[in-house]
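Before any comments, here is the structure.
The values are calculated or read from the model by the stated rules, or taken from the named source; none is laboratory data. Keep in mind the model is a prediction, meaning the values are calculated, not measured. Every residue, glycine as well, gets a Cβ built from its backbone with ideal geometry; the counts of neighbours run over all protein chains shown. Accessible surface is based on the protein model in full, side chains and every heavy atom, while ligands, DNA and RNA are left aside. Shrake-Rupley method; radii C 1.70, N 1.55, O 1.52, S 1.80 Å.
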Amino acid sequence: MPPFRARAPAQGRAACPAPETSWSTARVLRKLEMMVPPDVVATLTITPLTANALGSLSRLIDIAVAFEHNPTVAMRAADLMMDEIGVILAAAGNYTRPDYQDAMRAILLERAPSIAKDAGKRVQLDSHLMTSGMDALATALSIALGTRDRDQVSRPTEKIDYFETGLLLGKLKKGQTVAPRDDVLVAALNPSTPFNTPDPGRLVADVLKALQTREKDDPPFALILDSTIETAAPGGGTQLDTVLGGLKDAVADGRLEIFLCKSFQKYASFGTGKVAAGDLTLLSKPGARPSGSTRAQAMLHEADLDLARHDEAQLVVHMLKHGHRDELALVADAAENARFVDAFCWPIDPSDPAQGSTYVDGIPLLLRSTPTGKVDALFKNLVQIDQRDSFSFLRTSYVGGIPGPWESPSPQDGWYVRINPGHESKESMVECFYAFGHLTTSTPPGAKGPVPAGADLGNLQLKSVREHLAALNGVADGDDPDLARFRTNVIASYCAFALQNVRPRASVLPLLLAFFARPMDGVTIETRRYLAGELLSLAQAKDLDPKTLGEWSNAARAVPMPGAIAADGTAALSALRRAAAVLPAWQLKPLAEKLRLKLDGDTEEATRLRGSGDGVRLLALVGQALRPDAT
């Protein structure tokens with residue numbers, strides 16, 4: 001197979017910009033700062049393209065540090081950093097195929113140290129670069145089934161396999177367990193549809209039991225294991241070490257071949273999804289004739305793809321070499337957000353699979369459905385959640401059309417949505433999911449269970465939202481520490497969900513006025529700006545004169561939210577001022593152009609409102625936004 005392209009050192013070297021600061025609380029970005037090390041820059045020809053990439057990388061790091069409080073901006077900066085790193089690596093071109101094999105070997109032995117002393121001696125390791133994780137699975141199946149002249153496999157972990165695996169295999173015997181004539185077993189370390197807890201120890205036991213039935217001249221038993229999601233094992237170590245450590249002797253004596261299949265588009269690429277690649281690593285007995293054929297077919301498939309000729313291969317090797325230790329940390333961080341959403345934001349009855357899947361220890365994914373409305377359509381209404389067909393991204397996302405455990409009660413429309421938590425703060429998780437989850441389960445804040453008259457999410461009424469806000473008002477801080485900590489985020493969540501689902505949208509105006517009429521400390525900047533933009537957009541429907549502001553203030557006071565607000569038109573004026581203040585100039589300007597402020601009359605009320613602190617500041621903000629040079 002051709003090696004990765006390597007270039008001789010050229011003239012015109014430049015030192016890599018070394019940032020002086022690190023975004024210490026941004027778990028995703030901490031490694032990106034050091035991802036263009038001196039050995040890469042030493043082989044880099046400085047051209048306008050590479051100079052621009054190095055400069056952009058330095059500026060993006062500064063942006064990520066400066067916008068630590070705004071995940072949307074910071075994570076976008078991380079995403080763009082990977083693009084610039086890819087340009088620099090492609091220009092340097094200093095990684096070869098052995099670098100890829102060395103990186104994969106180092107990672108595997110670090111995560112499965114129990115096979116370290118056998119690697120290269122009793123157990124041969126061969127890693128091959130594939131186009132994706134599914135390509136790795138398909139290649140492993142093709143090789144395993146082809147060399148054994150059969151078209152059926154066993155799936156002891158079928159309940160936790162990737163749901164796409166069933167589509168790929170097609171001819172499986174549902175629920176079949178390992179039997180003497182079934183010598184190809186497909187399994188997964190962890191599920192992409194987490195209804196069942198993975199048990200790597202049980203998987204080892206299943207394989208060892210099957211090996212007891214093997215006869216002397218039988219070909220090696222084949223275990224095809226999807227290792228895309230790796231987590232720590234109960235009691236320490238890793239799941240991968242549990243499996244490989246338990247099966248290494250069977251590999252060493254030639255009874256077993258293991259195909260490890262992994263997608264690099266997931267956590268291995270720091271949640272950016274920038275590479276279309278995967279890995280197929282084969283563990284087999286050195287020198288064994290049956291395994292020699294298996295190894296040859298894997299090598300031929302890799303050579304046929306010839307991925308090493310592509311610039312993207314440089315980025316793959318680079319991430320594996322310099323960032324693999326952060327992969328498991330990213331999984332754990334996203335899993336913590338999944339646990340939090342399951343426990344606080346959207347708790348469900350674990351005995352009712354139709355509601356979804358409860359948190360499975362260490363898995364960064366959740367499944368949810370709704371008893372009313374169409375769950376897919378409801379998720380599409382969410383403004384701050386991305387719809388992505390995969391998972392592991394920096395920002396929280398979702399994908400619909402996920403099948404479930406059909407032997408159990410299914411959701412009302414037959415499908416689930418999978419929530420793929422990202423790396424935002426817990427405050428952000430509350431703002432995105434709390435109202436959705438508690439309205440879905442008809443469980444107002446502070447309630448111990450569902451209330452009899454639940455909300456119809458397919459035709460959500462403002463009355464249901466107000467009832468939940470009233471229930472929140474009735475929960476004292478001492479009664480629920482979590483609600484006390486996230487109270488303002490919960491309020492923001494109900495405001496956002498109402499905006500996205502209650503019709504007509506204008507009926508939500510009192511909620512937004514009530515929200516901004518009070519200081520809402522702790523709400524994320526992304527949510528405040530979303531709500532502020534919607535408030536100022538709705539406010540364009542009327543002349544903002546003393547009469548309208550007075551009516552709006554009365555409507556805001558009737559909304560059940562904590563804290564008193566003014567008893568006259570200044571409450572609405574205060575809300576509009578706070579909303580305008582939170583928006584950047586580029587976002588405020590088009591909204592300000594359509595605001596019809598009518599406070600220039602000679603009446604006593606107009607004079608009073610115009611001269612109030614909020615009036616003065618609102619007029620100043622609008623005036624500044626409307627300046628020709630405002631950006």
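Structure values in brief
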{"quantity": "Any hit, segment 613-628, residues being surrounded by 14 or more Cβ atoms within 10 Å (Cβ to Cβ) and in contact (Cβ under 8 Å) with a residue 60 or more places away in the chain", "calculated": "no"}
{"quantity": "Ser192 being without any contact (Cβ under 8 Å) to a residue 40 or more places away in the chain and within 32 Å of the chain's Cα centre (by Cα)", "calculated": "no"}
{"quantity": "Residue within segment 276-293 that is open to solvent by 10 Å² or more (accessible area, probe 1.4 Å), part of a helix (DSSP H, G or I), on the phi < 0 side of the Ramachandran plot and in contact with a helix residue (DSSP H, G or I) (Cβ under 7 Å, 6 or more places away or on another chain) present", "calculated": "yes"}
{"quantity": "Scope segment 250-275; condition closer than 17 Å to Ser114 by Cβ and in a strand (DSSP E or B); matching residues", "calculated": "Leu256, Ile258, Leu260"}
{"quantity": "Residue under evaluation Ala539, criteria (1) closer than 20 Å to Leu621 by Cα; (2) open to solvent by 10 Å² or more (accessible area, probe 1.4 Å), criterion not met", "calculated": "(2)"}
{"quantity": "Candidate set: segment 501-513, residues that are in contact with a Phe, Trp or Tyr (Cβ under 8 Å, 6 or more places away or on another chain) and open to solvent by less than 10 Å² (accessible area, probe 1.4 Å); chosen: the one nearest to Thr440 (Cα to Cα)", "calculated": "Leu511"}
{"quantity": "Counted residues, segment 34-63 - those being at pLDDT 70 or above, in a helix (DSSP H, G or I), among the β-branched types (Val, Ile, Thr) and open to solvent by less than 60 Å² (accessible area, probe 1.4 Å)", "calculated": "2"}
{"quantity": "Whichever residue in segment 324-356 is assigned to a loop (DSSP other than H, G, I, E, B) and touching a Gly at 6+ places or on another chain (Cβ under 8 Å) and, among such residues, is most open to solvent (accessible area, probe 1.4 Å)", "calculated": "Pro347"}
{"quantity": "Leu247 vs. criteria farther than 22 Å from Asp135 by Cα and either open to solvent by less than 10 Å² (accessible area, probe 1.4 Å) or outside any helix (DSSP H, G or I) (or both)", "calculated": "yes"}
{"quantity": "Among the candidates Leu208, Leu223, residue that is crowded, with 19+ Cβ neighbours inside 10 Å, modelled with pLDDT of 55 or more and not in a loop (DSSP other than H, G, I, E, B)", "calculated": "Leu223"}
{"quantity": "Residue under evaluation Gln265, criteria (1) surrounded by fewer than 19 Cβ atoms within 10 Å (Cβ to Cβ); (2) within 30 Å of Leu80 (Cα to Cα), criterion not met", "calculated": "(1)"}
{"quantity": "Residue in segment 519-530 that is in contact with a Lys or Arg (Cβ under 6 Å, 6 or more places away or on another chain) and open to solvent by 30 Å² or more (accessible area, probe 1.4 Å) present", "calculated": "no"}
{"quantity": "Residues (buried (at least 21 other Cβ atoms within 10 Å of the Cβ) and in contact with a Leu (Cβ under 8 Å, 6 or more places away or on another chain)) located in segment 473-493", "calculated": "Arg487, Val490, Ile491, Ala492"}
{"quantity": "Tally, over segment 64-83, of residues that are out of contact with any Phe, Trp or Tyr (no Cβ under 7 Å at 6 or more places or on another chain), in a helix (DSSP H, G or I) and open to solvent by 40 Å² or more (accessible area, probe 1.4 Å)", "calculated": "5"}
{"quantity": "Phe516 vs. criteria closer than 23 Å to His69 by Cβ and either touching a residue at least 60 places away in the same chain (Cβ under 8 Å) or surrounded by 24 or more Cβ atoms within 10 Å (Cβ to Cβ) (or both)", "calculated": "yes"}
{"quantity": "First in segment 292-320 and closer than 19 Å to Leu260 by Cα, second anywhere and of a type in the set (Asp, Glu) and in a helix (DSSP H, G or I), Cβ under 8 Å, 6 or more apart", "calculated": "Val317/Asp99"}
{"quantity": "Qualifying residue in segment 109-116 (condition: open to solvent by less than 10 Å² (accessible area, probe 1.4 Å) and either part of a helix (DSSP H, G or I) or not hydrophobic (A, V, I, L, M, F, W, C) (or both))", "calculated": "yes"}
{"quantity": "Test: Ala498 is modelled with pLDDT of 95 or more and open to solvent by less than 20 Å² (accessible area, probe 1.4 Å)", "calculated": "yes"}
{"quantity": "Verdict on Pro364 being assigned to a loop (DSSP other than H, G, I, E, B), within 19 Å of Arg487 (Cα to Cα) and open to solvent by less than 10 Å² (accessible area, probe 1.4 Å)", "calculated": "no"}
{"quantity": "Exclusive hit being under 24 Å from the mean Cα position of the chain (by Cα), modelled with pLDDT of 85 or more and open to solvent by 10 Å² or more (accessible area, probe 1.4 Å), set Leu315, Leu300", "calculated": "Leu315"}
{"quantity": "Residues (at pLDDT below 90 and either open to solvent by less than 10 Å² (accessible area, probe 1.4 Å) or in contact with a helix residue (DSSP H, G or I) (Cβ under 6 Å, 6 or more places away or on another chain) (or both)) located in segment 571-604", "calculated": "Leu599"}
{"quantity": "Per-region count, segment 519-529, residues under 23 Å from Ala541 (Cα atoms) and without any contact (Cβ under 8 Å) to a residue 60 or more places away in the chain", "calculated": "2"}
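So that you can scan it fast, the table gives a plain yes or no per residue for (1) among the basic types (Lys, Arg); (2) out of contact with any helix residue (DSSP H, G or I) (no Cβ under 6 Å at 6 or more places or on another chain):
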site	(1), (2)
Ala303	no, yes
Leu320	no, no
Asp326	no, yes
Ala334	no, yes
Arg339	yes, yes
Trp346	no, no
Asp352	no, yes
Val360	no, yes
Thr370	no, no
